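> Dropping a structure here in structure tokens format, bear with me for questions.
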Amino acid sequence: MAFAEFDDFCFYCPIEPAVHPKAAQVDEAARRWARAMGICTGTRQDNSDYGQMVCRWAPDGDREMLDLATRHAYVTFALDDLLFDSGPICRSPDHVSLLVGRLVRSLASPEAEPLPSGFPGLDRAVAAQRACAAEIRAKCRPDTVRRWIDSMVEWYVGALSVVAHRQMGKVLGFRDYLNLGYMDRAIRYCVVVIQIAEGTVLPNAELESPLVRAVTEAAYLLVTVDSDLYSYKKEALEGTLEMNVVSALMQEGHPAGYAARKAFELRNMVMALFMQLIRQARAGASVELTRYLVQLEHLVRGNLDWGLRSPRYDVNGDPVAFRVVAAPQPHHLVPSALPEIAWWWELIA
């Protein structure tokens, strides 16, 4: 498939864009902190504008907590680059799993001094994570702290599975992708970032209801697939397609062009379902649930808008060139062909 053909596809998203008015200041402050911690040393990190990302996810956030959430976003992307995606041990699951254990310890007890990893850049990122962990514990509610730790551990598990596939020279199949893709992309963590920035917590009784779980998982899949479609060109050129929606669909025997088309059809179909389930969940929703649903909308739209502008997905200096449209897009998929997520459609009233 020619990359130019890839750019002809478009993202359906009727959600209005939103961004915190202090996004530029938030990013500048977090970038200065990341430089001081020694984790923002390359062009990719320095220009990625993670403050803009967080401020699009959480446009109603408190400035102080937006600063904290953005500092931790710099840490998370640094760990992703250094440990899971392209660092010196990114093809060695035994080494990565050992360091993941130390990372989990740094979340649970940031006071504990970790053993050196042997990689100075990674040690600096762990130190930065410990600093953020101590601040999150000091400033957030205990239930938010617990959800943050759980979301990070889930990300480590998903990312470690990709490292294992990379070592074996394998690409995840599509059904495994539907189960693991959002974990490797740390999407649950993204939702917690919003709650840290905006100071909200949805009670478990509401969060674990089938309808809210379906809406949440649909948002996870949208952000996962959208990020994959943004990064496909870059990952294809780098040879790091172990967990990308296009490569996963290619494991079903589809050529690249057909797989890309099906990936767009999938996300556009799920976008339509997401909006339908959002409307359903809003009927009679509590104040906390109403706020949570808005946060999911901001996450989906904010990820799209940040990805269109972020140098993180540039290829040879060229940004991604997709279009976002407000009109539903045609598709030829049926939910019954997707047993991992077909239950979402069963909740339509």
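The values are calculated or read from the model by the stated rules, or taken from the named source; none is laboratory data. Given the structure is predicted, the values throughout are model-derived calculations rather than measurements. All Cβ positions, glycine included, derive from the backbone under ideal geometry; neighbour counts span all protein chains shown. Heavy atoms of the whole protein, side chains included, go into the accessibility calculation; ligands, DNA and RNA do not. Shrake-Rupley method; radii C 1.70, N 1.55, O 1.52, S 1.80 Å.
> Please build a GNM for the chain, connecting alpha carbons under 10 Å apart, and tell me which residue among L293, L207, L241 fluctuates the most.
L207
> Using θ = phi - 60° and the Karplus relation 6.51 cos²θ - 1.76 cosθ + 1.60, list the HN-Hα couplings for the range 316-328 in order, rounded to whole Hz, with x at every Gly or Pro.
Each residue's phi maps through the Karplus curve to give 6, x, 9, x, 5, 10, 7, 10, 10, 10, 8, 8, x Hz.
> Per residue, how big is the convex hull of the range 239-349 when only Cα atoms are used? Give it in Å³.
So the per-residue Cα hull volume is 148 Å³.
> Averaged per residue, what accessible surface does the range 170-218 expose to a 1.4 Å probe, in Å²? Don't skip to the end; give the middle numbers.
Values: 1770 Å² over 49 residues.
With all protein chains present, the range 170-218 gives 36 Å² per residue.
> What percent do you get for the relative contact order of the range 1-146 when only Cα pairs under 8 Å and 6+ apart count? List each step's numbers first, then the result.
On the way: 135 pairs, mean separation 33.1, N = 146.
Here the relative contact order equals 23 percent.
> Skipping prolines and chain starts, which residues have an amide H placed within reach, meaning under 5 Å, of the one on V325, given they are 5 or more residues away or on another chain?
Counting only residues 5 or more places away or on other chains, the set is F11, Y12, C13.
> Just to be sure I follow the definition: excluding the sites themselves, where is the longest run in the chain that has none of the GluC sites (Glu not before Pro) in a DSSP loop with at most 11 other Cβ atoms within 10 Å?
My reading of the result: 209-349 is the longest stretch.
> Could you grab the relative contact order for the range 249-349? Cα pairs under 8 Å, six or more apart, rounded to a whole percent. Mind dumping the intermediate values first?
Numbers: 48 pairs, mean separation 33.9, N = 101.
Rounded, it is 34 percent for the range 249-349.
> While we're here: Return, for the Cα atoms of the range 1-128, the radius of gyration and Dmax in Å, separated by a comma.
Final numbers for Rg and Dmax: 17.3, 51 Å.
> What is the set of long-range amide H partners of D8 at a cut-off below 5 Å, with H atoms built 1.01 Å from backbone N?
Placed amide hydrogens put nothing under 5 Å from D8.
> Taking Cα pairs under 8 Å and at least six residues apart, what relative contact order does the chain come out at, in percent?
Numbers: 489 pairs, mean separation 92.8, N = 349.
Reported relative contact order: 27 percent.
> Which log10 I(q)/I(0) values does the chain give at q = 0.06, 0.12 Å⁻¹ under the Debye formula, counting every alpha carbon as one identical point scatterer?
The Cα Debye sum returns log10 ratios of -0.20, -0.86.
> What length, rounded to one decimal in nm, is gained on full extension from V287 through to R63, with 0.36 nm per residue of separation minus their alpha-carbon distance? It would help to have the intermediate numbers written out before the result.
On the way: separation 224, 0.36 × 224 = 80.64 nm, distance 2.22 nm.
Gain on extension, V287 to R63, equals 78.4 nm.
> On the principal axes of its Cα set, how long, how wide and how thick is the range 103-179? Give whole Å, largest value first.
Between the extreme Cα coordinates on each principal axis of the range 103-179 lie 41, 33, 14 Å.
> Treating cross-link reach as a plain straight distance, find the aspartates and glutamates whose alpha-carbon is under 12 Å from the alpha-carbon of K262, omitting any fewer than eight places away in the same chain.
Leaving aside aspartates and glutamates fewer than 8 places away in the same chain, those within reach of K262 are E252.
> Also, quick follow-up: When the label point is put 7 Å from the Cα of N204 along its Cα-to-beta-carbon vector, which residues of the range 94-138 have a backbone N closer than 19 Å?
108
> May I ask you to give the percent of accessible area on the range 62-199 that is carbon plus sulfur, with a probe radius of 1.4 Å?
Numbers: 3080 of 5450 Å².
Taking all protein chains in place, the range 62-199 shows 57 percent carbon and sulfur surface.
> Still on this structure, I have one more. Would you mind computing Rg(Cα) / (2.2 N^0.38 Å) for the range 141-234, counting N as its residues?
On the way: Rg = 14.5 Å, N = 94, 2.2 N^0.38 = 12.4 Å.
Expressed relative to 2.2 N^0.38 Å, the Cα Rg reads 1.17.
> Quote to one decimal, in nm, the extra length available between E111 and Q280 on full extension: 0.36 nm per residue of separation minus the C-alpha distance between them.
On the way: separation 169, 0.36 × 169 = 60.84 nm, distance 4.46 nm.
Result: 56.4 nm gained on full extension.
> Continuing with this model, one more query. Sort W344, W33 from largest to smallest accessible area, using a 1.4 Å probe on the heavy atoms of the protein chains. Don't jump to the answer; show the numbers that get you there.
Numbers: W344 5, W33 55 Å².
Order by accessible area, largest first: W33, W344.
> In straight Cα distance, which lysines are under 16 Å from K233, not counting same-chain residues fewer than 8 positions off?
Correct list for K233: empty, as no lysines qualify.
> Let me ask you something else. Please calculate the 1.4 Å probe accessible area of C90, with all protein chains present, and give it to the nearest 10 Å².
Solvent-accessible area, nearest 10 Å²: 10 Å².
> Ok, one more. List the lysines whose Cα sits under 29 Å from the Cα of K139, skipping any in the same chain fewer than 8 residues away.
In chain and number order, the partners are K22.
> For the chain, with only Lys/Arg (+1) and Asp/Glu (-1) charged at the beta-carbon, what is the dipole magnitude about the Cα centre, in debye rounded to 20?
340 debye
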